[in-house]
Every structure is written in structure tokens, then in C-alpha cells.
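Asker: Take a look at this one; I'll ask things after.
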Amino acid sequence: MEKSDYEPNQRAHYRLQYPLRERPLLVVGTSQYAVIELSEGGLRVQGNVSSEEIDGLLKLKDGTVCEVTGKVGRKLRDETVVINLEGVSFAVLMSEQRRLVSRYLRA
């Protein structure tokens, strides 16, 4: 099979997308940004991040706080910013997924 016939998903990490009411906050200095998507390797936030280097806190709705560091990867036209990040473990991500599923996908 040729490469053009099959394009596998190129993402290295699973991404968790947040409903508006459940978005965690990325706190960098005195600025706060709503997190739209989260993965072990990064996140996407709403807003204009002024710094290229990120050193801050990720505050989740369940009270979990993660110290994070990273760099702005790209700024998108929809006024969101993708940040390549370290500090979010797979366990934290899966805990968040379980919390969201139990809250929004009740049978």
C-alpha cells in the first residue's frame, strides 16, 4: 500500500476535548487561559499567550494542580494557541477522562 493510499493518525498522544463548563485553567504568572484540549504532550488554550516560554500551573476542575513547562508551538487563526508541554501524566489525563465520562455520559 502506498503512503498516499493510507494516512495513519500522526498524533503522538490522545487528546481530551473539554466542554465549555469543564475547561481547566492554565495559569502563567498573572494570566489565566481556558484549556480547550489536553494531552500528555501539550494543550490548546483560548486567548493570546504573550510569552513563548511557559512556566505555570494547570488547574483542573477536580482540584488537581500540575506544574507545567513548555513552549508555544503555534498560534491559530481562531485565537487559540497550541503549547507543547511537560508536566501532565497519563494517569492525570485518564482520571480527567473518567470524570468527564461519568458526568456527561450517564445511561
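Asker: Residues in the stretch 84-107 that are in a strand (DSSP E or B) and of a type outside the set (S, T, N, Q): how many? Show your work before the answer.
Answerer: Of the stretch 84-107, the ones in a strand (DSSP E or B) are 84-86.
Filter once more, so that each one left must be of a type outside the set (S, T, N, Q): 85-86.
Matching residues across the stretch 84-107 total 2.
Asker: Considering (1) surrounded by 15 or more Cβ atoms within 10 Å (Cβ to Cβ); (2) in contact (Cβ under 8 Å) with a residue 40 or more places away in the chain; (3) of a type outside the set (Lys, Arg), say which one Leu58 fails and leave the rest.
Answerer: (2)
Asker: Among the strands (runs of 3 or more DSSP E) contained in the stretch 1-63, which hold 2 or more residues that are among the hydroxyl-bearing types (Ser, Thr, Tyr), out of contact with any His (no Cβ under 6 Å at 6 or more places or on another chain) and at pLDDT below 95? Don't jump to the end; show me each part of the working.
Answerer: Details: elements: 25-28, 31-39, 42-46, 53-59.
Filter on the stretch 1-63 gives an empty set.
Asker: Could you look through the stretch 25-55, keep only residues that are under 17 Å from Tyr104 (Cβ atoms) and in contact (Cβ under 8 Å) with a residue 40 or more places away in the chain, and pick out the one that is farthest from the chain's Cα centre (by Cα)?
Answerer: Ile36
Asker: What tally of residues in the stretch 68-81 results from selecting those that are surrounded by 11 or more Cβ atoms within 10 Å (Cβ to Cβ) and either closer than 20 Å to Arg21 by Cα or of a type outside the set (Val, Ile, Thr) (or both)?
Answerer: First, pick out the residues of the stretch 68-81 that are surrounded by 11 or more Cβ atoms within 10 Å (Cβ to Cβ): 68-73, 75, 80-81.
Now drop any that are not either closer than 20 Å to Arg21 by Cα or of a type outside the set (Val, Ile, Thr) (or both), which leaves 70-71, 73, 75, 80-81.
Residues that pass the stated criteria total 6.
Asker: Report every pair of residues separated by at least 6 positions or lying on different chains whose Cβ atoms are under 9 Å apart, first residue within the stretch 80-107 and among the acidic types (Asp, Glu), second modelled with pLDDT of 90 or more and part of a helix (DSSP H, G or I).
Answerer: Filtered contacts from the stretch 80-107: Glu96/Glu22.
Asker: For the stretch 65-83, does any single residue satisfy the condition of being assigned to a loop (DSSP other than H, G, I, E, B) and either small (Gly, Ala, Ser) or under 12 Å from Pro24 (Cβ atoms) (or both)? Don't jump to the end; show me each part of the working.
Answerer: First pass over the stretch 65-83, keeping only residues assigned to a loop (DSSP other than H, G, I, E, B): 76-79.
Of the ones still in play, those that are also either small (Gly, Ala, Ser) or under 12 Å from Pro24 (Cβ atoms) (or both) are none.
No: zero hits.
Asker: Can you report the number of residues in the stretch 12-24 which are closer than 17 Å to Gly87 by Cα and under 13 Å from the mean Cα position of the chain (by Cα)?
Answerer: Counting residues in the stretch 12-24 that are closer than 17 Å to Gly87 by Cα and under 13 Å from the mean Cα position of the chain (by Cα) gives 5.
The values are calculated or read from the model by the stated rules, or taken from the named source; none is laboratory data. Since the structure is predicted, the reported quantities are computational estimates derived from the model, not experimental observations. Counting neighbours? That spans all protein chains shown, and the Cβs are built from the backbone with ideal geometry, glycine included.
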